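Q: First the structure, then my questions, so here it is.
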Amino acid sequence: MSEKRFDGKVAIVTGAGGGLGYAYARLLAARGARVLVNDIGSDFSGAGSSASYAQEAAEKIRAEGGEVEANTDSVATSDGAERIIADAMDRWGQVDILINNAGVVSSTGPLDGVTDAQWQRDMDVAAAGTFFLCRGVWRQMWDRDYGRIVNISSGSFLGLGSAVPYPAAKGAVWGMVRGMAVAAKVNGKNIKINSVMPIAASRMTTLMGEEIDGMMRRDFPPHSVAPVVASLAHEDAPCSGEMFTAGGGGFSRLFIGSTPGYRGTDKDWSIEDAMSRFDQVMDTTGFKIPGDAMEDANEYPSEVPWMTFRDASV
């Protein structure tokens with residue numbers, strides 16, 4: 001297989017001052033992309049800021065021959081996101097690749113101890129930040145009929161008893177991926193959007209304690225996730241609207257399936273009727289993977305023309 005390169009492509013990578021984001025930016029730059037390394041330099045909880053974090057990351061990549069620039073605007077506000085995009089556009093005239101990696105973990109305690117501020121901080125960075133950046137690049141990708149977006153989610157979305165805000169924020173990323181991917185597909189646009197749940201050492205894994213963090217850095221280094229992210233950012237990306245877990249030298253598809261379930265027609269059924277069907281509904285034999293919300297709704301008996309309702313205006 002010929003070497004997969006990104007010559008002529010411009011990429012924005014958020015949260016790229018270190019760890020996973022740095023690994024993504026470094027690999028893209030090594031393969032010829034011009035990369036905007038964005039990071040405000042806060043700690044993993046979102047506190048503080050330091051311009052040196054992004055600047056030093058850019059300098060290291062530049063020393064290896066990469067064409068990169070640093071950006072320290074915040075993804076957590078609409079204005080900040082617009083400045084990030086404007087920076088790339090002013091320098092290079094286009095944005096071909098967006099990797100939304102920025103995220104913070106503000107709270108790891110019991111749910112009833114989470115403050116409003118902690119909830120909002122997690123949502124602002126991972127969820128709102130992803131939305132602001134995607135919205136900001138969407139029109140120029142749409143008009144140019146080209147774009148690759150990789151939204152970094154988290155396995156915590158599958159359930160993490162020690163936190164709620166961070167998994168909720170990262171779970172929102174999945175909904176954005178699906179909505180944008182369907183819009184691009186039904187309009188015949190060459191824009192592909194996917195998501196990756198990394199399994200890798202980071203500043204956040206220090207929360208697990210020194211021993212576990214050490215094991216993570218040995219068995220799940222950040223650079224082992226980068227080839228999967230870069231594959232989805234490449235012009236030859238083989239899919240759109242998909243989610244993958246990746247780490248330690250491998251990756252796997254993660255998907256939402258719909259069981260055959262019980263799809264009756266009695267509109268006046270009872271609680272007891274519903275309860276009696278749970279074994280049938282929970283049986284995963286013969287599951288399907290809906291392409292979008294309309295495909296799933298179409299499985300229920302009705303005359304509603306679900307498939308004509310796909311939103312082509314996103």
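Q: Does residue 162 satisfy the condition of being of a type outside the set (D, E, K, R), buried (at least 21 other Cβ atoms within 10 Å of the Cβ) and either in the same structural domain as residue 244 (by TED's automatic domain parsing) or at pLDDT 90 or above (or both)? Break it down stepwise before answering.
A: Values: of a type outside the set (D, E, K, R): yes; buried (at least 21 other Cβ atoms within 10 Å of the Cβ): no; either in the same structural domain as residue 244 (by TED's automatic domain parsing) or at pLDDT 90 or above (or both): yes.
Answer is no for this residue.
Q: With (1) without any contact (Cβ under 8 Å) to a residue 60 or more places away in the chain; (2) touching a Lys or Arg at 6+ places or on another chain (Cβ under 6 Å) as the list, and residue 194 as the residue in question, which single condition is left unmet?
A: Going through the list (1) without any contact (Cβ under 8 Å) to a residue 60 or more places away in the chain; (2) touching a Lys or Arg at 6+ places or on another chain (Cβ under 6 Å), residue 194 breaks only (2).
Q: Tell me whether the stretch 222-230 contains one or more residues that are more than 23 Å from residue 94 (Cα to Cα) and of a type in the set (A, V, I, L, M, F, W, C).
A: Looking for residues that are more than 23 Å from residue 94 (Cα to Cα) and of a type in the set (A, V, I, L, M, F, W, C), one finds at least one in the stretch 222-230, hence yes.
Q: Give the residue that is surrounded by the most Cβ atoms within 10 Å (Cβ to Cβ), with candidates limited to residues of the stretch 1-11 that are in contact with a strand residue (DSSP E or B) (Cβ under 7 Å, 6 or more places away or on another chain) and of a type in the set (A, V, I, L, M). Before the answer, list the steps.
A: Filtering the stretch 1-11 for residues in contact with a strand residue (DSSP E or B) (Cβ under 7 Å, 6 or more places away or on another chain) gives 9-11.
Remaining after also requiring of a type in the set (A, V, I, L, M): 10-11.
Details: 10: 21, 11: 27.
Only one residue tops the list, namely 11.
Q: Go over the candidates 33, 25 one by one and state the one that is within 16 Å of the chain's Cα centre (by Cα), assigned by TED's automatic domain parsing to the domain that holds residue 75 and under 12 Å from residue 233 (Cα atoms). It would help to see each step written out before you state the result.
A: Working: 33 fails: within 16 Å of the chain's Cα centre (by Cα).
That would be 25, the only listed residue that is within 16 Å of the chain's Cα centre (by Cα), assigned by TED's automatic domain parsing to the domain that holds residue 75 and under 12 Å from residue 233 (Cα atoms).
Q: Which pairs turn up if I take residues in the stretch 12-28 that are assigned to a helix (DSSP H, G or I) and buried (at least 24 other Cβ atoms within 10 Å of the Cβ) and look for partners that are modelled with pLDDT of 95 or more and among the hydroxyl-bearing types (Ser, Thr, Tyr) with beta carbon separation below 8 Å, at least 6 apart in sequence or on another chain?
A: Close Cβ pairs (under 8 Å, with a partner that is modelled with pLDDT of 95 or more and among the hydroxyl-bearing types (Ser, Thr, Tyr)) amount to 21/14.
Q: Can you tell me which of 126, 86, 172 is assigned to a helix (DSSP H, G or I) and surrounded by fewer than 18 Cβ atoms within 10 Å (Cβ to Cβ)? Write out each step before concluding.
A: Values: 126 fails: surrounded by fewer than 18 Cβ atoms within 10 Å (Cβ to Cβ); 172 fails: surrounded by fewer than 18 Cβ atoms within 10 Å (Cβ to Cβ).
86 is the lone residue from the list that is assigned to a helix (DSSP H, G or I) and surrounded by fewer than 18 Cβ atoms within 10 Å (Cβ to Cβ).
Q: Of everything in the stretch 95-117, what is surrounded by fewer than 24 Cβ atoms within 10 Å (Cβ to Cβ), modelled with pLDDT of 90 or more and not in a loop (DSSP other than H, G, I, E, B)? Give them in sequence order.
A: Answer for the stretch 95-117, where residues must be surrounded by fewer than 24 Cβ atoms within 10 Å (Cβ to Cβ), modelled with pLDDT of 90 or more and not in a loop (DSSP other than H, G, I, E, B): 116, 117.
Q: Now a separate question. Could you name every one of the helices (runs of 4 or more DSSP H) located completely within the stretch 240-299 that has at least 2 residues being more than 30 Å from residue 152 (Cα to Cα)? So that I can check it myself, show each step before the final result.
A: Details: elements: 271-276, 278-282, 293-297.
Answer list for the stretch 240-299: 271-276, 278-282.
Q: Is it the case that the stretch 38-58 has a residue that's part of a loop (DSSP other than H, G, I, E, B), modelled with pLDDT of 95 or more, in the same structural domain as residue 133 (by TED's automatic domain parsing) and within 21 Å of residue 94 (Cβ to Cβ)?
A: Scanning the stretch 38-58 turns up no residue that is part of a loop (DSSP other than H, G, I, E, B), modelled with pLDDT of 95 or more, in the same structural domain as residue 133 (by TED's automatic domain parsing) and within 21 Å of residue 94 (Cβ to Cβ).
Q: Next up: Hey, among the residues in the stretch 76-102 that are touching a strand residue (DSSP E or B) at 6+ places or on another chain (Cβ under 7 Å) and either among the small types (Gly, Ala, Ser) or outside the structural domain of residue 153 (by TED's automatic domain parsing) (or both), which one's nearest to residue 167 (Cα to Cα)?
A: 102
Q: Going by the structure shown, is residue 246 in the same structural domain as residue 226 (by TED's automatic domain parsing) and surrounded by 11 or more Cβ atoms within 10 Å (Cβ to Cβ)? Even if it seems obvious, please write down each step before you answer.
A: Working: in the same structural domain as residue 226 (by TED's automatic domain parsing): yes; surrounded by 11 or more Cβ atoms within 10 Å (Cβ to Cβ): yes.
Yes, satisfied.
The values are calculated or read from the model by the stated rules, or taken from the named source; none is laboratory data. Given the structure is predicted, the values throughout are model-derived calculations rather than measurements. Heads up, the Cβs are rebuilt from the backbone with ideal geometry, glycines too, and the neighbour counts pull from every protein chain shown.
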